[in-house]
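Visitor: The structure is given below, and queries will be raised subsequently.
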């Protein structure tokens with residue numbers, strides 16, 4: 001379990017992989033925002049072309065994206081069905097009590113489905129091509145303006161990176177405790193819901209206690225290594241904004257402008 | 001030789017505990033010395049290390065590091081002369097991977113990035129971990145993590161290294177690797193080493209051994225002298241080294257054994273000699 005890859009990051013050397021995490025984060029957010037501007041089939045087609053192009057540039061197997069959609073499929077279907085049966089307008093094909101099946105409803109349902117898929121594909125692309133730690137770094141950089149209003153940006157980003165670093169350690173520990181409790185006769189994942197919830201208690205309590213002990217040890221070690229707050233520290237990890245990042249941003253701005261032209265006003 | 005650490009009339013008490021941990025405690029440690037502090041659990045060994053590093057503040061008395069008195073104002077400066085390696089390899093690994101963990105202390109000390117790159121590489125090469133520079137901690141063994149922790153200490157170029165039971169969670173191989181590096185640092189760089197340990201073999205590598213019992217210094221001598229008192233060690237909750245136990249057994253069988261402490265190798269030689277004489 002300790003060897004589990006955090007997030008779904010797949011190392012690679014494609015253009016998308018080598019882009020700065022800041023530009024990737026900004027562009028993903030930007031893309032998700034402009035998805036909501038699309039309102040006709042031409043604009044959705046454009047966004048799909050952009051997404052597919054980005055995925056092809058990243059040279060990541062397409063199956064990972066399908067896997068990204070799968071856990072959310074029920075939520076998506078539910079929302080789509082709501083859209084189809086509860087929005088009205090245009091030709092009505094069928095009506096039963098509060099449910100109407102209309103032309104407008106079907107189109108809206110398809111659009112909602114497209115939105116979901118686009119958002120999931122783009123955010124999956126971000127997490128597949130960017131190491132979690134780099135995302136944490138990007139967040140730190142992008143939160144910098146918040147320092148003016150006394151947000152402890154350095155501390156937040158250190159907390160994030162330590163949290164990421166300890167995920168495998170705590171997973172190992174969980175496995176160990178589970179095995180220890182199993183050997184004492186605890187059944188995990190069996191019985192009714194109440195029994196399953198009860199089985200989690202002997203897992204959570206030791207895990208909680210040991211996490212606190214670890215936190216205390218780590219705090220002592222950090223202090224002994226001279227950590228006294230985020231101010232005045234230098235940085236070992238650096239990121240450079242390169243031509244490809246500027247190019248990437250330009251590409252998305254162009255997409256945005258085209259979208260403004262072809263969407264329905 | 002000059003005193004690197006001087007502890008004068010030290011008293012200390014944990015706020016949540018009754019009774020003093022230390023009461024009027026005195027100790028001097030010379031520059032370049034390798035000192036082992038041994039004692040049972042709760043004898044105050046780790047507390048002493050934390051007091052020296054300024055992680056705890058004494059209630060009375062003074063601690064001088066390299067001639068400077070430790071005060072709340074200069075604690076960060078003094079601490080930069082001391083590197084500490086703790087017991088649990090996982091709980092002192094801050095960075096996401098090996099090189100970043102070594103850089104953590106340098107980042108805190110606001111060392112420039114160019115310098116950092118040089119020093120990280122240098123210190124990782126010292127502990128033979130350079131080829132693992134980009135590895136995450138989950139992919140390292142306990143001994144490798146402790147070597148990384150040691151590299152983090154070396155990178156900061158301290159004058160004193162404190163090992164707070166740093167080898168107690170390692171397998172014999174990992175322990176040996178860590179101690180070999182320590183010995184080299186002690187020999188070549190004249191670093192002062194304080195090793196707090198349960199492990200008699202580790203303690204026997206020191207030049208001087210201090211035995212603590214309930215915050216009192218009950219013995220301060222060369223390792224050979226300290227360990228030759230086998231039964232006394234048991235009394236203060238320590239297990240005597242294997243060679244001492246063997247000596248005790250031989251003595252009870254009516255053999256005449258040497259008074260002084262023998263290392264395992266010394267024991268083998270003595271046994272050979274004894275055997276060939278008969």
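The values are calculated or read from the model by the stated rules, or taken from the named source; none is laboratory data. What you are looking at is a predicted structure, and each value in this text was computed from that prediction instead of being measured. Cβ: placed from backbone, ideal geometry, glycine included. Neighbour counts: every protein chain shown.
Visitor: In this structure, does residue B:131 turn out to be without any contact (Cβ under 8 Å) to a residue 24 or more places away in the chain, surrounded by fewer than 24 Cβ atoms within 10 Å (Cβ to Cβ), assigned to a helix (DSSP H, G or I) and facing chain A (nearest Cβ under 7 Å)?
Guide: No.
Visitor: Conditions first: (1) at negative phi; (2) free of Cβ contacts under 8 Å to residues at least 60 places away in the same chain; (3) surrounded by 13 or more Cβ atoms within 10 Å (Cβ to Cβ). Residue A:259 passes all but one, so which condition is the exception?
Guide: Tallying (1) at negative phi; (2) free of Cβ contacts under 8 Å to residues at least 60 places away in the same chain; (3) surrounded by 13 or more Cβ atoms within 10 Å (Cβ to Cβ), residue A:259 fails exactly one: (2).
Visitor: Would you check if there is a residue in the stretch A:238-255 being within 14 Å of chain B (Cβ to nearest Cβ), touching a helix residue (DSSP H, G or I) at 6+ places or on another chain (Cβ under 7 Å) and under 30 Å from residue B:156 (Cα atoms)?
Guide: Among the residues of the stretch A:238-255, at least one is within 14 Å of chain B (Cβ to nearest Cβ), touching a helix residue (DSSP H, G or I) at 6+ places or on another chain (Cβ under 7 Å) and under 30 Å from residue B:156 (Cα atoms), which makes the answer yes.
Visitor: A further question on this structure: Can you report the number of residues in the stretch B:167-182 which are surrounded by fewer than 19 Cβ atoms within 10 Å (Cβ to Cβ) and in contact (Cβ under 8 Å) with a residue 60 or more places away in the chain?
Guide: So the answer is 2.
Visitor: State all residues of the stretch A:189-227 that are facing another protein chain (nearest Cβ under 10 Å) and either modelled with pLDDT under 90 or not in a helix (DSSP H, G or I) (or both); if no residue qualifies, say none.
Guide: Answer for the stretch A:189-227, where residues must be facing another protein chain (nearest Cβ under 10 Å) and either modelled with pLDDT under 90 or not in a helix (DSSP H, G or I) (or both): A:225, A:226, A:227.
Visitor: Kindly evaluate residue B:155 against the criterion of being within 9 Å of chain A (Cβ to nearest Cβ), touching a residue at least 12 places away in the same chain (Cβ under 8 Å) and under 23 Å from the mean Cα position of the chain (by Cα).
Guide: No: the conditions fail for residue B:155.
Visitor: Give the stretch B:51-64 a look and list any residue that's under 17 Å from the mean Cα position of the chain (by Cα) and touching a residue at least 24 places away in the same chain (Cβ under 8 Å), or say none.
Guide: Correct list: B:51, B:52, B:53, B:54.
Visitor: Scanning the stretch B:65-79 for residues that are free of Cβ contacts under 8 Å to residues at least 40 places away in the same chain and crowded, with 18+ Cβ neighbours inside 10 Å, which turns out farthest from the other protein chains (Cβ to nearest Cβ)?
Guide: So the residue we want is B:70.
Visitor: For the stretch B:171-271, give me every one of the helices (runs of 4 or more DSSP H) that falls completely inside it and has 1 or more residues that are under 17 Å from the mean Cα position of the chain (by Cα), modelled with pLDDT of 85 or more and over 12 Å from residue B:36 (Cβ atoms).
Guide: Because the criterion is at least 1 residues that are under 17 Å from the mean Cα position of the chain (by Cα), modelled with pLDDT of 85 or more and over 12 Å from residue B:36 (Cβ atoms), the helices (runs of 4 or more DSSP H) in the stretch B:171-271 that meet it are B:172-188.
Visitor: With (1) over 23 Å from residue A:263 (Cβ atoms); (2) not in a strand (DSSP E or B) as the list, and residue A:44 as the residue in question, which single condition is left unmet?
Guide: (1)
Visitor: Test residue A:89 against the criterion of being closer than 30 Å to residue A:260 by Cβ and either in contact with a strand residue (DSSP E or B) (Cβ under 7 Å, 6 or more places away or on another chain) or not in a helix (DSSP H, G or I) (or both), and give yes or no.
Guide: Yes: the conditions hold for residue A:89.
Visitor: Still on this structure, please answer the following. With the condition kept exactly as written, say whether any residue in the stretch B:80-99 is more than 14 Å from chain A (Cβ to nearest Cβ), in a strand (DSSP E or B) and surrounded by 21 or more Cβ atoms within 10 Å (Cβ to Cβ).
Guide: For the stretch B:80-99, residues more than 14 Å from chain A (Cβ to nearest Cβ), in a strand (DSSP E or B) and surrounded by 21 or more Cβ atoms within 10 Å (Cβ to Cβ): absent.
Visitor: Which condition does residue B:139 not pass, out of (1) facing chain A (nearest Cβ under 7 Å); (2) at pLDDT below 90, if it passes all the others?
Guide: Checking residue B:139 against (1) facing chain A (nearest Cβ under 7 Å); (2) at pLDDT below 90, the one that fails is (1).
Visitor: Please enumerate the residues belonging to the stretch B:107-119 that are more than 7 Å from chain A (Cβ to nearest Cβ) and within 18 Å of residue A:137 (Cβ to Cβ).
Guide: The one that is more than 7 Å from chain A (Cβ to nearest Cβ) and within 18 Å of residue A:137 (Cβ to Cβ): B:117.
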